[in-house]
Amino acid sequence: MCAAAAVLAFAGTLLSSGATAAPAPTPRSAEAAATRGAAEQAAAAVPLAVTFEDTFDGPAGSAVNSSRWQQETGDNVNNHERQYYTPGNANAALDGQGHLVITARRENPGNYACWYGTCQYTSARMNTAGRFTAQYGHVEARMRVPRGQGMWPAFWMLGNDLGSVGWPASGEIDVMENIGSEPGTVHGTLHGPGYSGGESIGAGYTLPNGQAFADAFHTFAVDWAPDSISWSVDGQVYETRTPADLGGDPWVFNKPFFLILNLAVGGYWPGDPDGGTAFPQQLVVDHVRVSTAGGTRTGPITGLGGKCVDVAGANSANGTPVQLYDCNGTAAQQWTVGADGTLRALGKCLDVVDGGTADGTRVQLWDCTGGPNQQWALPAARDIVNPQANKCLDVTDNSTANGTPLQLWTCAGTANQKWTTP
């Protein structure tokens with residue numbers, strides 16, 4: 001969160017980076033604007049395929065879908081935020097009308113302890129770590145933000161290697177942040193090694209005619225490609241960053257990132273609530289969507305006997321086998337070839353069981369994690385290769401029977417390893 005980057009430990013405990021927040025830096029140069037224009041035109045010419053979407057449909061009062069989001073709990077001393085993030089639906093719940101509502105309250109029914117003593121506020125924060133990662137594409141959320149001094153809503157991303165390299169080496173992409181003292185302005189920011197905290201790289205966008213973001217829903221997005229990220233509000237691009245903006249510091253954004261939504265209360269950057277801040281306050285999220293381009297395409301994958309790569313029973317549960325089956329045009333046979341190296345169906349990834357590399361290791365459907373067991377190369381020879389194992393997607397026993405499981409096997413150039421992709 002704009003240089004705050006309260007960093008997640010993957011078990012769900014909230015940790016912190018120790019960085020402090022910074023005001024919006026000077027917007028990009030005219031040269032960068034020209035680069036942005038070319039990038040926008042190129043992106044507009046490429047069809048997008050949705051790889052992640054949550055429209056928050058469900059009964060009022062329901063918690064978020066745990067197959068898409070994990071909820072974080074705890075406080076954040078390094079940002080000096082005042083809230084305690086709670087689990088379940090206490091502070092994050094569906095409203096029954098297609099929205100997620102994250103509510104900040106001035107209360108502490110659980111008698112939670114914060115870094116400053118007994119917590120004064122509760123709120124919620126969630127992420128897709130271990131469930132979904134993105135690498136490039138269009139990442140957006142349509143939201144209505146809260147209002148009032150001390151409010152700090154954010155939609156942002158952290159590098160999926162956070163647990164091994166730490167912050168800020170993991171990188172952080174802040175798609176949108178708003179602080180209550182700036183009701184008409186949002187910020188888009190990058191954090192990385194050498195440009196985190198008060199040295200972050202970013203810019204702000206201000207609504208015209210004194211409008212406030214709390215008055216209506218707005219769509220906040222980034223368009224992300226290798227060595228380029230552009231920020232927009234309601235389709236209006238206001239900032240583009242490339243490695244040239246980093247003064248020689250490393251660009252750490254050409255890898256998978258996971259998504260984060262939260263509503264913080266107080267902290268170094270927004271300051272604490274004051275007597276004019278009314279509670280409860282709500283961040284209302286209409287949808288979160290990730291669409292990929294840059295070579296992304298969707299359709300059936302056909303192989304031996306003219307049959308299709310199929311998710312058994314059209315079941316999207318983790319661990320569902322992937323098999324050969326008569327082509328039938330169903331969603332269980334519609335595979336998205338992603339620019340991030342994944343093959344996706346039913347919102348999840350083609351996955352090598354347990355990351356195995358041995359001949360005969362089966363493949364399955366699993367939440368997209370960005371791991372090497374979900375990476376696939378498609379050479380011109382019509383193989384589908386897992387680079388980690390250096391082995392090919394293979395029809396077991398060269399059988400064309402419906403339900404034949406697919407597996408990894410040493411690439412042999414045989415018919416049961418040849419595929420036609422979208």
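The values are calculated or read from the model by the stated rules, or taken from the named source; none is laboratory data. On a predicted model such as this, the values are computed, not experimentally measured, just so you know. Positions of Cβ are generated from backbone atoms using ideal geometry, with glycine treated the same way; all protein chains shown enter the neighbour counts.
Only one entry in Val252, Val285, Val265 is β-branched (Val, Ile, Thr), buried (at least 18 other Cβ atoms within 10 Å of the Cβ) and more than 28 Å from Gln97 (Cα to Cα), namely Val252. Does Phe220 count as part of a strand (DSSP E or B), touching a residue at least 60 places away in the same chain (Cβ under 8 Å), under 30 Å from Ala93 (Cβ atoms) and not assigned by TED's automatic domain parsing to the domain that holds Asn398? Criteria met by Phe220. The number of residues in segment 376-404 being buried (at least 18 other Cβ atoms within 10 Å of the Cβ) and part of a strand (DSSP E or B) comes to 8. Among the residues examined, Gly370 does not qualify as at pLDDT 90 or above, assigned to a loop (DSSP other than H, G, I, E, B) and not hydroxyl-bearing (Ser, Thr, Tyr).
Just to be sure, is Ala358 over 16 Å from Pro256 (Cβ atoms) and part of a loop (DSSP other than H, G, I, E, B)?
When the stated conditions are applied, Ala358 passes them.
Given the structure, is Asn91 more than 20 Å from Phe258 (Cα to Cα), buried (at least 19 other Cβ atoms within 10 Å of the Cβ), polar (S, T, N, Q) and at pLDDT 95 or above? Yes. Among the residues that make up segment 147-163, is at least one of them within 27 Å of Leu207 (Cβ to Cβ), surrounded by 24 or more Cβ atoms within 10 Å (Cβ to Cβ) and more than 20 Å from the chain's Cα centre (by Cα)? Yes. Residues in segment 360-382 that are touching a Lys or Arg at 6+ places or on another chain (Cβ under 7 Å) and either farther than 28 Å from Gly159 by Cα or not charged (D, E, K, R) (or both): Leu365, Trp366, Cys368, Arg382. Being among the hydroxyl-bearing types (Ser, Thr, Tyr), over 29 Å from Gly130 (Cβ atoms), surrounded by fewer than 20 Cβ atoms within 10 Å (Cβ to Cβ) and at pLDDT 95 or above holds for only one residue in Thr302, Thr219, and it is Thr302.
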